[in-house]
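Student: The structure is given below, and queries will be raised subsequently.
The values are calculated or read from the model by the stated rules, or taken from the named source; none is laboratory data. Quantities reported herein were computed from a predicted structural model and do not represent experimental measurements. Please note: Cβ atoms are built from the backbone with ideal geometry, for glycine as well, and neighbour counts cover all protein chains shown. The protein model used for the area step is the full one, side chains on, heavy atoms only, and it has no ligands, DNA or RNA in it. Shrake-Rupley method; radii C 1.70, N 1.55, O 1.52, S 1.80 Å.
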Amino acid sequence: MSVKTEVDLSGVKKSNGVWLVKVPKYLSQQWDKAKERGEVGKITIGKKHGKTEVRFCLNEELTALGDVGEKDASLKVPRDHPFTMHAVGGQTMAAFSQSDTDGISLEGMVVHRAECRPVVNDNYMKLKKLQIRESTKPQRVSQQLERAVTTIFKPVANHDFNLEHDKKKKSEGKMVRAERQVVLDMLFSAFEKHQYYNIKDLVDITKQPVTYLKDIMREIGTYNSKGTHKSTWELKAEYRHYQSAEEEEEMQTA
């Protein structure tokens, strides 16, 4: 059932357009720290060599990297981020916001696209090395215990996944009898590939109950109770074009 949601369009009248800006992950993380303070930095727009130049400068108080395992206290988040501007082109894009009550509002139409990139210097390269090192750390590590832990892990008679597996196995094990001709077709097709089969293999091939399958095999097949192919079934003479196991033995002894 689909739920219709009304979109608040009043913001379009108040907005002259919005900018769609892609920022580095570390920068958005620093912005999250400033939610209570509000201001995260300043944007300056100017001209350079006849072209519009846009730059973002992060607040000094937000440059502290925080506790990410780095011992070097001098390492900070870059402050200066020039924008790389892109044309919107023939696309029509809009910015929406969602409130705590799941209300959706249209904030405005996208008039500019840009990428916020840091100035590449020694400090930034150290930051990238730190990010790579942190991303390669395993989320789980093995730990050697001096003595067995007896207060947390308690053995159980059977785990839930084992019970679920047994239940599924039982439900799948209930084989339904197929039409007799269908089973015969499967059996003849199988015996065209191999001369001998044990009953387990025939059950796997036909997916039929053992008792039902044996009844059919007694009519079209012969059970070898001795010899080289002991405990296997083969087709009767009128259904096969090869010699039986007993005939092969007789030929060999003759």
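Student: In segment 24-34, is there at least one residue being over 12 Å from E107 (Cα atoms), modelled with pLDDT of 75 or more and in contact with a Cys (Cβ under 8 Å, 6 or more places away or on another chain)?
Tutor: Scanning segment 24-34, I find at least one residue that is over 12 Å from E107 (Cα atoms), modelled with pLDDT of 75 or more and in contact with a Cys (Cβ under 8 Å, 6 or more places away or on another chain), so the answer is yes.
Student: What's the number of the condition G103 fails, among (1) open to solvent by less than 40 Å² (accessible area, probe 1.4 Å); (2) without any contact (Cβ under 8 Å) to a residue 24 or more places away in the chain?
Tutor: Looking at each condition in turn, G103 falls short on (2).
Student: Looking at this structure, is S171 under 30 Å from K76 (Cβ atoms), modelled with pLDDT under 80 and surrounded by fewer than 10 Cβ atoms within 10 Å (Cβ to Cβ)?
Tutor: No.
Student: Enumerate the pairs (first residue in segment 176-202 and part of a loop (DSSP other than H, G, I, E, B); second residue anywhere and hydroxyl-bearing (S, T, Y)) with beta-carbon separation below 7 Å, excluding pairs fewer than 6 apart on the same chain, so at least 6 apart or on different chains.
Tutor: Pairs that qualify, where the first residue is part of a loop (DSSP other than H, G, I, E, B) and the partner is hydroxyl-bearing (S, T, Y), are R177/Y212; Q195/Y242; Y196/T232; N198/S231; N198/T232.
Student: Tell me which of these L163 doesn't satisfy, since it passes every other one: (1) modelled with pLDDT under 80; (2) in a strand (DSSP E or B); (3) hydrophobic (A, V, I, L, M, F, W, C).
Tutor: Going through the list (1) modelled with pLDDT under 80; (2) in a strand (DSSP E or B); (3) hydrophobic (A, V, I, L, M, F, W, C), L163 breaks only (2).
Student: Within the group D215, D201, which residue is acidic (D, E) and either touching a helix residue (DSSP H, G or I) at 6+ places or on another chain (Cβ under 9 Å) or open to solvent by less than 40 Å² (accessible area, probe 1.4 Å) (or both)?
Tutor: The conditions single out D201.
Student: Now for a separate question. Looking at A148 and the list (1) under 30 Å from T84 (Cα atoms); (2) at pLDDT below 80; (3) part of a loop (DSSP other than H, G, I, E, B), which single condition is not satisfied?
Tutor: (1)
Student: Can you pull out the residues in segment 108-125 that are open to solvent by 40 Å² or more (accessible area, probe 1.4 Å), part of a strand (DSSP E or B) and farther than 18 Å from S28 by Cβ?
Tutor: M109, V111, H112
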